[in-house]
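Have a look at the structure below before the remarks.
The values are calculated or read from the model by the stated rules, or taken from the named source; none is laboratory data. Since this is a predicted model, take the numbers as computed values, not measurements. Cβ sites come from the backbone with ideal geometry, for glycine too, and all protein chains shown count toward neighbours.
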Amino acid sequence: MKSEADQEDERRASLAVILPLAVTGFVIAAGCWTLFAVAGIHLRAEFGLSNLQFGLLLAMPMAVSALLAVPAGLAARKFGARRIMLICLAGLAACMVVLLTTDTFAGYLVAAGGLGLAGGFYSAGMQFVTSNCQPHRLGLVLGVFGAGVTGAGFTYYLVPLFHEAFSWHGVPLAYLIVLLLVLALLLLLTDPEDAVADPQYEPSINLLFERFKQQGIWQLGAYFGVVAGSFFALALWLPGYLSSQFELQVESGARLAQWFVIPGALAQILGGGLADRFGSPRVISRSLFIGLVAWWCCLTRP
């Protein structure tokens with residue numbers, strides 16, 4: 001029988017492989033998530049979209065992600081996080097193919113909904129990275145994984161770059177290639193016997209409602225909904241707003257928006273590390289307070 005020290009060494013070695021792959025996958029998934037924040041501006045000009053149509057195009061990935069969050073988490077528990085992550089990456093690759101072949105607004109809208117699979121990847125990925133993580137390092141590991149949302153900032157850079165050189169349609173092709181590469185690496189470098197999988201697990205509606213009755217679940221959900229929802233809403237809205245408000249080129253507005261997205265994403269690592277040391281309630285309360293102070297300063301500035 002393996003000693004506790006040997007088991008700990010195995011977990012560390014496994015995490016050293018799992019975490020970089022999961023973060024890379026989420027970087028690409030987050031880039032897909034916010035693809036229309038910049039590409040949608042070009043589509044708006046091409047198709048003459050109304051404000052409602054443009055807003056729908058931006059909102060579809062996030063709306064579908066929200067609907068997939070709980071089912072993807074339950075599926076990861078039953079069938080294994082690795083399998084769900086692979087399915088989500090394959091679905092995102094299929095969306096890139098749709099973006100490369102469609103020339104109608106309806107086609108782009110379908111692809112936008114499919115990009116919500118990035119949310120399914122996030123739900124399954126959290127279980128994937130924590131399966132080999134020590135409890136006292138849980139916050140830091142989840143923070144490192146969550147920092148993969150920096151992929152949104154890469155999209156803000158890639159779309160203008162490709163648009164200047166060729167066409168923004170080159171971005172789906174680039175993402176398709178990288179998605180297939182990450183998919184292959186996950187298949188080759190991770191264990192098919194997923195430790196998270198529990199074939200005997202049978203989720204029920206009653207059990208879900210019982211857990212939702214717990215006060216802590218609703219508090220965490222409210223915190224995450226307000227903070228993450230606000231973050232992604234601003235991330236999607238900023239490129240177009242900065243471009244129109246300050247009469248900038250789309251490329252300039254998108255690059256300025258990176259100064260909001262990337263620091264916010266990297267702050268998750270700091271927040272996770274602090275939560276391991278001081279406890280998540282203390283970090284959450286102080287982070288919200290600082291955010292409210294910053295918001296008030298913005299409202300009251302001359």
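Results, tabulated for the structure shown:
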read-out	value
Complete set of residues in the stretch 238-251 that are modelled with pLDDT under 75 and among the hydroxyl-bearing types (Ser, Thr, Tyr)	none
Unique match (being under 30 Å from Leu256 (Cβ atoms), modelled with pLDDT under 85 and assigned to a helix (DSSP H, G or I)) among Leu158, Leu176, Leu142	Leu158
Selection within the stretch 130-143 - surrounded by fewer than 21 Cβ atoms within 10 Å (Cβ to Cβ) and among the β-branched types (Val, Ile, Thr)	Thr130
Test: residue in the stretch 229-237 that is at pLDDT 80 or above, in a helix (DSSP H, G or I), closer than 24 Å to Leu21 by Cα and out of contact with any Cys (no Cβ under 7 Å at 6 or more places or on another chain)	no
First in the stretch 263-288 and polar (S, T, N, Q), second anywhere and in a helix (DSSP H, G or I), Cβ under 7 Å, 6 or more apart	Gln268/Gly143; Gln268/Gly146; Gln268/Ala147; Ser280/Gly139; Ser287/Gly271
Extreme residue, farthest from the chain's Cα centre (by Cα), among residues of the stretch 167-177 that are touching a residue at least 12 places away in the same chain (Cβ under 8 Å) and surrounded by fewer than 18 Cβ atoms within 10 Å (Cβ to Cβ)	His169
Residues located in the stretch 30-86, provided they are surrounded by 23 or more Cβ atoms within 10 Å (Cβ to Cβ) and aromatic (Phe, Trp, Tyr)	Trp33, Phe36
For Arg301: the one exception among (1) surrounded by 12 or more Cβ atoms within 10 Å (Cβ to Cβ); (2) of a type in the set (D, E, K, R); (3) at pLDDT below 80	(1)
Spans of helices (runs of 4 or more DSSP H) in the stretch 18-133 with at least 1 residues more than 21 Å from Ser167 (Cα to Cα) and at pLDDT 90 or above	51-79, 81-101, 105-114, 117-130
Residues of the stretch 13-27 satisfying the condition of being surrounded by fewer than 24 Cβ atoms within 10 Å (Cβ to Cβ) and either over 21 Å from Ala118 (Cα atoms) or touching a residue at least 40 places away in the same chain (Cβ under 8 Å) (or both)	Ala13, Ser14, Leu15, Ala16, Val17, Leu19, Leu21, Val23, Thr24, Val27
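Okay, residues lined up against (1) surrounded by 11 or more Cβ atoms within 10 Å (Cβ to Cβ); (2) in contact with a helix residue (DSSP H, G or I) (Cβ under 8 Å, 6 or more places away or on another chain); (3) at pLDDT 75 or above:
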site: Leu186; (1), (2), (3): yes, yes, yes
site: Gln200; (1), (2), (3): no, no, no
site: Pro203; (1), (2), (3): yes, yes, no
site: Asn206; (1), (2), (3): no, no, no
site: Phe212; (1), (2), (3): yes, yes, no
